[in-house]
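Below: the structure, in structure tokens.
The values are calculated or read from the model by the stated rules, or taken from the named source; none is laboratory data. From a predicted model like this one, the values you see are computed outputs, not experimental measurements. Here the Cβ positions follow ideal geometry from the backbone for every residue, glycine too, while neighbour counts run over all protein chains shown. All accessible areas refer to the heavy atoms of the entire protein, side chains included, with ligands and DNA or RNA removed. Shrake-Rupley method; radii C 1.70, N 1.55, O 1.52, S 1.80 Å.
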Amino acid sequence: MTTYSTVFNQQFGASNEPINALFEFDQDFTGDGLNDIQVTLSLNPGANSGTEDMLGVAFDIAGDATSGLQIVNIDRSEQSNTQTLSTFNPTVVIGPNQVSDSGPLDPGFNTSGSDSAEPYDVGIKFSEQGSGEGIVQTASFVISKPGAFLDKSLIENTNWWVRLQSTNGGGESAKTGGFIGMIPGGGTPPTPNPSIFIDKVTNGADGLNILAGELITWTYTVSNTGNVPLSNITVTDDKETGLTYSAGDANSNALLDTNEVWTYTKTGTAQPGNYSNTGSVTGNYNGTPVSSSDPSSYFGADPKIAIDKVTRSAPVQGDGLLVPQGSPISWIYTVTNTGNVPLSNVQVTDNQGVVPVYQSGDTNLDGKLDLTESWVYSANGTAILGSYQNTGTVQGSYTDDLTNPATPTDSDDSSYTGMLPPGARTPGFWSNWPAVWNANASDDSSFAGRAGFPTSDILRPPYTAATRDPVTGQITVGILVGDYNRNGQTDAGENTLFYTLQEARTIVNASLTQQQDRRYTLDRSLIASWLNYLAVNPAPTGDMSQAIMWLQRSTPDENGDGKGDGNLSLQASTYRVPASSPAWSNLSNTYNGLPTGEVLNNKLDSYNNTGLFGPQPII
């Protein structure tokens, strides 16, 4: 702090009283981080008779720099304990060259007289006239300007006027003036350095995982990182509107002071996925704009889970299957993560009391169902007679960074119909009973209810009423050998041979002459086995699949898919397989990676005659 003192003793009226004047610079007297000027005026003790009352002071401001000027922290006292302090509440008027007796701003005491420099820029009234009102003999005040540093230059080369009166009946009132020229010494004021900073967080931090649908609160904290107060503070967000000021302007002066931190808030609801928005603040200091921005983000966690439950009756799995009563079945539960966060504590249950057991899927062995993983569970059972349905349910758990919990769940039904197997039948049976497989319900009464017969035509719904020929693409009544799910279509991964009813009957009825081409021999057994499968008998599906592959190699490729399509009459001379062919019979019983035709025929023929078969190859 730097000080300067002088004595005002210029007489402007009939008398004057010397006034001691003390000026203090280079210090913040108001707590806003900016330097002010403190002025203390006191009646010179040598001239004090104890009855003088200081009514007020008027003075100029260098360059008439009164815009925004404030007079604060006014304090008054006496110089003895014999008087009563004035009860008048001090008043201030400020205006460039407007303070004088005749206005426009009247300070409330006389400022005229010989050599008076009125009009002045500032007038401060300390005391009211009159002996009963009280006495002021020392007064101090602070000259301040929000947002600006003040230094000694503000009052250099300025005129001052102090008005006093005697309270003991004296006939004269003192009018004392003074002039302040250049003030020696004093520090150099710091540069004005406006700066602002904003810190934006989402629910108290950045980058949190927050459950979608939860409350979001964005907090924008604005601080003054410079050394001057800032005005016109505006806080915005690039995606959100309606930000609300919360707190911070401690002195309610609408200025972001250097010791203040202002906060704003905005609420919303967490959305799934990544979300980022940016808070920005702008302010101003004497026409100089300042600004700052800060992004904040969160990840909207959207935990979801899905289960797909199917029934498996080898070699096919799906829903609504027809399965032989008493045959082994299993249920496959495939669990996937359909949300956007890993899930813990995955549990699969079944409403029919079977216990699904985890099989595979946790590729990184972290115990969490990750977004790229599919977990497989299975349970086993034995097919009952009639309709059966059970429901698989899965539940997982997730807790976000704010400890909000979620337990996503999903369920899926699967069913089958258990059929009483009529028993496997030979090619001769199927040749003699075309009514069982002619896709015509009108003649079912000829066999329905008979022991060892299906309950209805095996080519009617719920079996296969019509099939799609892989060669022509047409829907045609017939049989699609290898269509294990009985949907009439050649699905991905299936090897099939299509025959119209007439073609199939020709093969089943093949004469011994035709059977010299061993393709007829094997195909006759294969079609009989397939009809046994369609009748919902347990069947050697692995052996049938190998027989299909053997015939695909021995018949023309009509649709260009690289596999033969089962036609035994087309290019017969080229594809005919005689009994002497190694593809039909050889000492190793294999040919080009498959069992020979004779081996396959023996297996299927035995099944057609007995209904029995051994362990099946996996195709």
(message) Condition first: closer than 15 Å to residue 394 by Cβ, assigned to a strand (DSSP E or B) and open to solvent by 20 Å² or more (accessible area, probe 1.4 Å). Now tell me which residues in the stretch 360-374 satisfy that.
(response) 374
(request) Go through the stretch 349-359 and count every residue that is hydrophobic (A, V, I, L, M, F, W, C), assigned to a loop (DSSP other than H, G, I, E, B) and surrounded by fewer than 16 Cβ atoms within 10 Å (Cβ to Cβ). (result) 1
(message) Being part of a loop (DSSP other than H, G, I, E, B) and either among the aromatic types (Phe, Trp, Tyr) or modelled with pLDDT of 90 or more (or both) is the filter here; which residues of the stretch 460-476 pass it?
(response) 463, 469, 470, 471, 472, 473, 474
(request) Name the residue, out of 215, 211, that is within 15 Å of the chain's Cα centre (by Cα), open to solvent by 30 Å² or more (accessible area, probe 1.4 Å) and at pLDDT 90 or above. (result) 215
(message) Tell me the residue from 239, 266 that is touching a residue at least 40 places away in the same chain (Cβ under 8 Å), in contact with a Phe, Trp or Tyr (Cβ under 9 Å, 6 or more places away or on another chain) and basic (Lys, Arg), please.
(response) 266
(request) Tell me, please, whether a residue that is hydroxyl-bearing (Ser, Thr, Tyr), outside any helix (DSSP H, G or I) and without any contact (Cβ under 8 Å) to a residue 24 or more places away in the chain can be found in the stretch 600-618. (result) no
(message) For the stretch 24-47: of the residues being of a type in the set (A, V, I, L, M, F, W, C) and either touching a strand residue (DSSP E or B) at 6+ places or on another chain (Cβ under 7 Å) or open to solvent by 20 Å² or more (accessible area, probe 1.4 Å) (or both), which is modelled with the lowest pLDDT?
(response) 47
(request) Could you check how many residues of the stretch 13-44 are touching a residue at least 60 places away in the same chain (Cβ under 8 Å), assigned to a strand (DSSP E or B) and of a type in the set (A, V, I, L, M, F, W, C)? (result) 8
(request) Examine the stretch 59-67 for a residue that is surrounded by fewer than 20 Cβ atoms within 10 Å (Cβ to Cβ), within 16 Å of residue 162 (Cβ to Cβ) and touching a residue at least 24 places away in the same chain (Cβ under 8 Å), and state whether such a residue exists. (result) no
(message) Need pairs with beta-carbon distance below 6 Å; first residue under 20 Å from residue 385 (Cα atoms) and within the stretch 440-461, second open to solvent by less than 60 Å² (accessible area, probe 1.4 Å) and part of a loop (DSSP other than H, G, I, E, B); sequence gap 6+ or separate chains.
(response) 452/422; 452/423; 453/422; 453/447; 454/422; 454/535; 458/535
(request) Just give me the residues in the stretch 505-537 being assigned to a helix (DSSP H, G or I), of a type in the set (A, V, I, L, M, F, W, C) and without any contact (Cβ under 8 Å) to a residue 60 or more places away in the chain, in sequence order. (result) 530
(message) Which of the numbered conditions does residue 595 fail, given that it passes all the others? Conditions: (1) more than 21 Å from residue 513 (Cβ to Cβ); (2) surrounded by fewer than 19 Cβ atoms within 10 Å (Cβ to Cβ); (3) of a type outside the set (Val, Ile, Thr).
(response) (2)
(request) Please give the number of the condition residue 184 fails out of (1) open to solvent by 30 Å² or more (accessible area, probe 1.4 Å); (2) at pLDDT 90 or above. (result) (2)
(request) Filter the stretch 82-100 down to residues that are assigned to a loop (DSSP other than H, G, I, E, B) and open to solvent by less than 50 Å² (accessible area, probe 1.4 Å), then give me how many there are. (result) 5
(message) Show me the strands (runs of 3 or more DSSP E) found entirely inside the stretch 219-320 where at least 3 residues are within 17 Å of the chain's Cα centre (by Cα).
(response) 261-269, 273-285, 288-301
(message) Give me the residue from the stretch 266-305 that is of a type in the set (Val, Ile, Thr) and either surrounded by 14 or more Cβ atoms within 10 Å (Cβ to Cβ) or in contact with a helix residue (DSSP H, G or I) (Cβ under 7 Å, 6 or more places away or on another chain) (or both) and, out of that set, farthest from residue 345 (Cα to Cα).
(response) 290
(request) Being more than 18 Å from residue 292 (Cβ to Cβ) and open to solvent by 50 Å² or more (accessible area, probe 1.4 Å) is the filter here, so list the residues in the stretch 193-207 that pass it. (result) 204
(request) Could you check how many residues of the stretch 550-559 are part of a helix (DSSP H, G or I) and surrounded by 19 or more Cβ atoms within 10 Å (Cβ to Cβ)? (result) 3
(request) Kindly establish whether residue 414 is open to solvent by less than 40 Å² (accessible area, probe 1.4 Å) and more than 25 Å from residue 524 (Cβ to Cβ). (result) yes
(request) Specify which of the listed residues (531, 497) is buried (at least 24 other Cβ atoms within 10 Å of the Cβ) and within 53 Å of the chain's Cα centre (by Cα). (result) 497
(message) Condition check: open to solvent by less than 30 Å² (accessible area, probe 1.4 Å), over 17 Å from residue 19 (Cβ atoms) and in contact with a strand residue (DSSP E or B) (Cβ under 9 Å, 6 or more places away or on another chain). Does residue 111 satisfy that?
(response) no
